[in-house]
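Contents: one structure, followed by commentary.
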Amino acid sequence: MTDQVPPAYRGPQRVLSGVQPSGALHLGNYLGALVKFARLQHEMDTFIFVADLHAITVWQDPALLANQVREITAAYLAAGLDPDKATIFPQSAVPAHAELGWIFNCVARVGWLDRMTQFKEKSGKHKERASVGLYTYPVLQAADILLYKATHVPVGDDQRQHLELTRDIAAKFNHDFDAPDFFPLPDALTQGPGSRIMSLRDGTAKMSKSDPSDNSRLNLLDDEDAIAQKVRKAKTDPEPLPETLDELKGRPEAENLIGIYAALDNRAAAEVLSEFAGQGFGAFKPKLADLAVARLGPVGAQMHRLMADPGEIDAVLAKGAERARAAAAPTLAEVRAKVGFWGA
Ligand code: AQP
């Protein structure tokens, strides 16, 4: 993937991303996504949605879903997103996502989707029992992004392949409908500290909402004791910490904890290592626990405060949905005309 927006595209620079309301948010979501959103809103026009259409690709209790949407919104606000700067909205409140998603289903090729590793991981051993939506999820993701002609998509490293697919869909649409610079080929902003936070129980698996072990992740709503206990119990190895990053290779759990410390402290991993070189995890873990409590505690507390007033969160979402529908309408109208639909 190139780091540049292709020169043919001359539209404005726009950021779009989202998180699914499918469970408790964790440190990986926070560092890999939310912190980046808050930073980028100061640099570009920013659209951040709550991905409820994506969430229902696996079963969601209808009695809980709307509140889960509010909880993600509270996390956005607690992470520093400002609804006067960024457009914050529920995906399902903008029907154009689903409409463009359908059109892109007819642009994307089955062979492209067959290569998506996340579907293989999420569908497990019984892929014939997975929803069709789970399979076509990356096509809807392309629609989410391209509906706003977003040029920059801040996501964790696990989303890199889906972003490649978005670029393929954009390029094929532009080619098929003879509109070379209609859709931008967006850049995935997957770099930076915290882009790949791994499970506290297994340094080779990503920290994930759907991991059955709650001890595998630090949740944004965990209290201080839970955070400290999970860090204390985090899997490690018996060796002391080395002096260089090279020496961390082959020690995934140690590498992950150093990476988490560095991302939470806004420092380079090499610098953190040089501070702790020669020390064992007995000395390192309490420092990491203190840092995690200091960084995540205020976020969780702010989420609790915001969730105590659902009306305020709903007002943010309603205003954002209105802005998003207005921003999406011209793109969808142009797409309908290009495809040749009646009345377009
Ligand atoms: N471990 C992670 N490290 C860094 N970034 C991560 N993200 C997720 N896990 C990590 C990023 O968080 C954003 C929102 O993710 P999502 O909820 O839309 O979907 P996901 O990637 O499927 O997240 P989870 O938490 O792992 O959920 P489940 O268990 O449902 O699969 C994305 O930008 C993602 O990259």
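The values are calculated or read from the model by the stated rules, or taken from the named source; none is laboratory data. On a predicted model such as this, the values are computed, not experimentally measured, just so you know. Methodologically, a virtual Cβ is constructed for each residue, glycine included, from the backbone with ideal geometry; neighbour enumeration extends over all protein chains shown. Calculation scope for accessible area: heavy atoms of the full protein, side chains included, ligands and nucleic acids excluded. Shrake-Rupley method; radii C 1.70, N 1.55, O 1.52, S 1.80 Å.
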Inset, instruction - Kindly indicate whether Asp222 is within 20 Å of Leu288 (Cα to Cα), part of a loop (DSSP other than H, G, I, E, B) and either more than 13 Å from the ligand (Cβ to nearest atom) or at pLDDT below 95 (or both). - result: yes
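With respect to Ala254, determine if the residue is touching a Pro at 6+ places or on another chain (Cβ under 9 Å) and not charged (D, E, K, R). Walk me through how you get there before you give the answer.
On the way: touching a Pro at 6+ places or on another chain (Cβ under 9 Å): yes; not charged (D, E, K, R): yes.
For Ala254, the condition - touching a Pro at 6+ places or on another chain (Cβ under 9 Å) and not charged (D, E, K, R) - is met.
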Inset, instruction - Specify the residue that is modelled with the highest pLDDT; the eligible residues are those in the range 229-244 that are part of a loop (DSSP other than H, G, I, E, B) and open to solvent by 80 Å² or more (accessible area, probe 1.4 Å). - result: Lys235
Inset, instruction - Please verify whether the range 130-141 includes one or more residues that are in contact (Cβ under 8 Å) with a residue 12 or more places away in the chain, buried (at least 16 other Cβ atoms within 10 Å of the Cβ) and more than 16 Å from the ligand (Cβ to nearest atom). - result: no
Inset, instruction - Say whether the condition of being away from the ligand (no atom under 14 Å from the Cβ), assigned by TED's automatic domain parsing to the domain that holds Ala188, outside any helix (DSSP H, G or I) and open to solvent by 30 Å² or more (accessible area, probe 1.4 Å) is met by at least one residue in the range 34-43. - result: yes
Inset, instruction - Please state which of the following conditions Arg325 fails to meet, knowing it meets all the rest: (1) within 15 Å of Thr73 (Cβ to Cβ); (2) touching a strand residue (DSSP E or B) at 6+ places or on another chain (Cβ under 9 Å); (3) open to solvent by 60 Å² or more (accessible area, probe 1.4 Å). - result: (1)
Inset, instruction - Would you please name the residue that is farthest from the ligand (Cβ to nearest atom), looking only at residues in the range 195-215 that are touching an Asp or Glu at 6+ places or on another chain (Cβ under 7 Å) and of a type in the set (Gly, Ala, Ser)? - result: Gly203
Inset, instruction - Report the residue count in the range 142-160 for those that are open to solvent by 20 Å² or more (accessible area, probe 1.4 Å), at pLDDT 95 or above and within 15 Å of the ligand (Cβ to nearest atom). - result: 1
